[in-house]
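Asker: Below is one structure. I have some questions about it.
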Amino acid sequence: MTDSYEATSTTREQSDTRVQLTVEDRVARIVLNNPPLNMLSTDMLGAISDAVNAAARHESLCAIVFEPGPKCRAFSAGLSMDDLRAEVAYQMLEAFHQIFKNLDFHSKPTIAVVPEAALGAGCELAAFCDIVIASEKARFGLPEIKIGVFPPLACVYFPRMVGYKKAHEMVLTGTLLSAREAQDAGLVTYVVPDDQLQARTNEVLDRLRGLSAAVLETARRALVEAAGLPVDEGLARVEDLYLNQLMNLKDPGEGLVAFLEKRAPHWKHR
């Protein structure tokens, strides 16, 4: 059965149809549908946050997929120019950064499917996802410096993802990377021909569907909490998650029994 939603917000009276959420077969798909370039307004950012929250209510969810609508010529070319003005910048940044806070709070595995350009905020959103699947013609970059601003999330997140020098090059020069260059830098997981984009996405999703949603969530939380910490501190946090959260779930026990009995596990997703 498919559950369909239009993402809504407590601060808006009606749905933003530029953000479309469907949940089917343990996968939530959040489609960004603002042709032609998927420029992200503050309202649209709020709708994305709402879609993440709505998707996460599904206990057995194994992944959240971000992808552009069929008429869009970009995954996203970044933030709407109207929302970069000084008088509304605070609201825009708050709405944008709330997406990432929600993603980490719920800790569901995330996949970005990038057929063409992912620029600025679009690049940040794609790069933040756990798995990025890009077509050979996709491009990635942070061109904000060329219009007199800089990308706050990328300044924090990219140095630990792509390294100090590459992050500085991307932020300070606005250089664009090909899909292969982005893969070499660590921004992209898979690069495939355009006509194989959905097939590779489905392969990855099939792997995730075979796993416990609760264990996936805990494992992702361990990766996030340990990122950037000294080894001793990171291990302490991950051990705490392992002993006090993972070991209190039902699925690890089922996984062990299924392995010993040489059968597929029957996950309860808790």
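The values are calculated or read from the model by the stated rules, or taken from the named source; none is laboratory data. Everything quoted here is computed from the prediction, not taken from an experiment. Every residue, glycine as well, gets a Cβ built from its backbone with ideal geometry; the counts of neighbours run over all protein chains shown. Quick note on the areas: whole protein, heavy atoms, side chains included, nothing else; ligands and nucleic acids left out. Shrake-Rupley method; radii C 1.70, N 1.55, O 1.52, S 1.80 Å.
Asker: Among what's in segment 192-213 and is open to solvent by less than 40 Å² (accessible area, probe 1.4 Å) and in contact (Cβ under 8 Å) with a residue 60 or more places away in the chain, pick the residue that is farthest from residue 113 (Cα to Cα).
Answerer: If we take residues in segment 192-213 being open to solvent by less than 40 Å² (accessible area, probe 1.4 Å) and in contact (Cβ under 8 Å) with a residue 60 or more places away in the chain, then 213 is farthest from residue 113 (Cα to Cα).
Asker: Sticking with this structure for a sec: So which residues in segment 101-126 are open to solvent by less than 10 Å² (accessible area, probe 1.4 Å) and part of a helix (DSSP H, G or I), if there are any at all?
Answerer: 103, 121, 122, 123, 124, 125, 126, listed by residue number.
Asker: I'd like to check something: does segment 149-157 contain any residue that is among the small types (Gly, Ala, Ser), surrounded by 15 or more Cβ atoms within 10 Å (Cβ to Cβ) and within 24 Å of residue 94 (Cα to Cα)?
Answerer: So far as segment 149-157 goes, yes, one or more of its residues are among the small types (Gly, Ala, Ser), surrounded by 15 or more Cβ atoms within 10 Å (Cβ to Cβ) and within 24 Å of residue 94 (Cα to Cα).
Asker: Continuing with the same structure: Hey, does segment 215-236 have a residue that's at pLDDT 95 or above and touching a Cys at 6+ places or on another chain (Cβ under 9 Å)?
Answerer: For segment 215-236, residues at pLDDT 95 or above and touching a Cys at 6+ places or on another chain (Cβ under 9 Å): present.
Asker: With modelled with pLDDT of 95 or more, open to solvent by 20 Å² or more (accessible area, probe 1.4 Å), more than 29 Å from residue 27 (Cβ to Cβ) and of a type in the set (Val, Ile, Thr) as the only criterion, which of 189, 173 stands out?
Answerer: After ruling out the rest, the residue left standing is 173.
Asker: Looking only at segment 35-46, which residues are touching a Lys or Arg at 6+ places or on another chain (Cβ under 7 Å) and open to solvent by 40 Å² or more (accessible area, probe 1.4 Å)?
Answerer: If the condition is that a residue be touching a Lys or Arg at 6+ places or on another chain (Cβ under 7 Å) and open to solvent by 40 Å² or more (accessible area, probe 1.4 Å), then 35, 36, 37, 43 are the ones that fit.
Asker: List every residue pair whose Cβ atoms sit under 6 Å apart, with the two residues 6 or more apart in sequence or on different chains, where the first one lies in segment 85-100 and is at pLDDT 90 or above and the second, anywhere, is surrounded by 18 or more Cβ atoms within 10 Å (Cβ to Cβ) and not small (Gly, Ala, Ser).
Answerer: 91/42; 92/42; 92/83; 95/42; 95/45; 96/45; 99/48; 100/128
Asker: Within the set of pairs 6+ apart or on separate chains, which have a first residue in segment 126-144 that is touching a residue at least 24 places away in the same chain (Cβ under 8 Å), a second that is open to solvent by less than 30 Å² (accessible area, probe 1.4 Å) and hydroxyl-bearing (Ser, Thr, Tyr), and C-beta atoms under 6 Å apart?
Answerer: 129/110; 130/110; 133/201
Asker: Can you tell me which residue within segment 214-236, out of those that are of a type outside the set (A, V, I, L, M, F, W, C) and surrounded by 15 or more Cβ atoms within 10 Å (Cβ to Cβ), is nearest to residue 58 (Cα to Cα)? Walk me through how you get there before you give the answer.
Answerer: Of segment 214-236, the ones of a type outside the set (A, V, I, L, M, F, W, C) are 217-218, 220-221, 225, 228, 230, 232-234.
Keeping just the survivors that are surrounded by 15 or more Cβ atoms within 10 Å (Cβ to Cβ) gives 217-218, 220-221, 225, 234.
Numbers: 217: 12, 218: 16, 220: 17, 221: 17, 225: 23, 234: 29 Å.
The selected residue is 217.
Asker: Of everything in segment 61-92, what is part of a loop (DSSP other than H, G, I, E, B) and either more than 18 Å from the chain's Cα centre (by Cα) or surrounded by 21 or more Cβ atoms within 10 Å (Cβ to Cβ) (or both)? Give them in sequence order. Walk me through it before giving the result.
Answerer: Taking segment 61-92 as the starting set, the residues that turn out to be part of a loop (DSSP other than H, G, I, E, B) are 61-62, 69-73, 77, 80, 85-88.
Within segment 61-92, 61, 62, 70, 71, 72, 73, 77, 80, 85, 86, 87, 88 qualify.
Asker: For residue 150, which of the numbered conditions (1) over 29 Å from residue 218 (Cα atoms); (2) part of a strand (DSSP E or B); (3) among the aromatic types (Phe, Trp, Tyr) fails to hold?
Answerer: Of everything listed in (1) over 29 Å from residue 218 (Cα atoms); (2) part of a strand (DSSP E or B); (3) among the aromatic types (Phe, Trp, Tyr), residue 150 misses just condition (2).
Asker: Okay, moving on. Just checking, how many residues over segment 24-62 are touching a Ser or Thr at 6+ places or on another chain (Cβ under 7 Å) and under 26 Å from residue 211 (Cα atoms)?
Answerer: Number of matching residues: 4.
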